[in-house]
Amino acid sequence: MPSLPPSGRQIAAALALLGKSRAELAALGGISELEIAAAESGAAGDAALDEVRRALEAAGIEFLQGGAPGVRLRPATSSLRPSDLNASNDD
């Protein structure tokens with residue numbers, strides 16, 4: 001099943017969650033700030049929404065659809081297993 005396009009509120013929430021501005025996302029995703037602003041306001045077409053969605057997903061956002069649409073940070077994957085954790089690999 002294809003994913004639904006993100007809503008403007010989801011895009012705004014994703015930017016806030018990442019702590020990124022439109023300009024920063026535009027630079028990361030190779031898209032224009034105007035496309036991001038249009039997507040946030042609900043005035044963007046499907047192609048622009050898809051570009052913004054892909055840029056946010058590449059930055060670590062996961063879009064939640066269904067009963068309560070939203071966004072969250074994609075769970076980080078770690079190369080360390082719990083049994084390998086010790087003081088030498090603390091950040």
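The values are calculated or read from the model by the stated rules, or taken from the named source; none is laboratory data. Predicted model only: the values in this text are computed from it and were never measured. Cβ coordinates were reconstructed from backbone atoms using ideal geometry, including for glycine residues, and neighbour counts include every protein chain displayed.
What the table below lists for this structure:
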| item | result |
| --- | --- |
| Residue selected from the stretch 55-83 under the condition of a type outside the set (G, A, S) and exposed (fewer than 10 other Cβ atoms within 10 Å of the Cβ), by the criterion modelled with the highest pLDDT | P75 |
| Only listed residue being free of Cβ contacts under 8 Å to residues at least 60 places away in the same chain, over 18 Å from G60 (Cα atoms) and among the small types (G, A, S), chosen from A38, A26 | A38 |
| Some residue of the stretch 41-54 being over 22 Å from G67 (Cβ atoms), more than 12 Å from the chain's Cα centre (by Cα) and either surrounded by 17 or more Cβ atoms within 10 Å (Cβ to Cβ) or among the basic types (K, R) (or both) | yes |
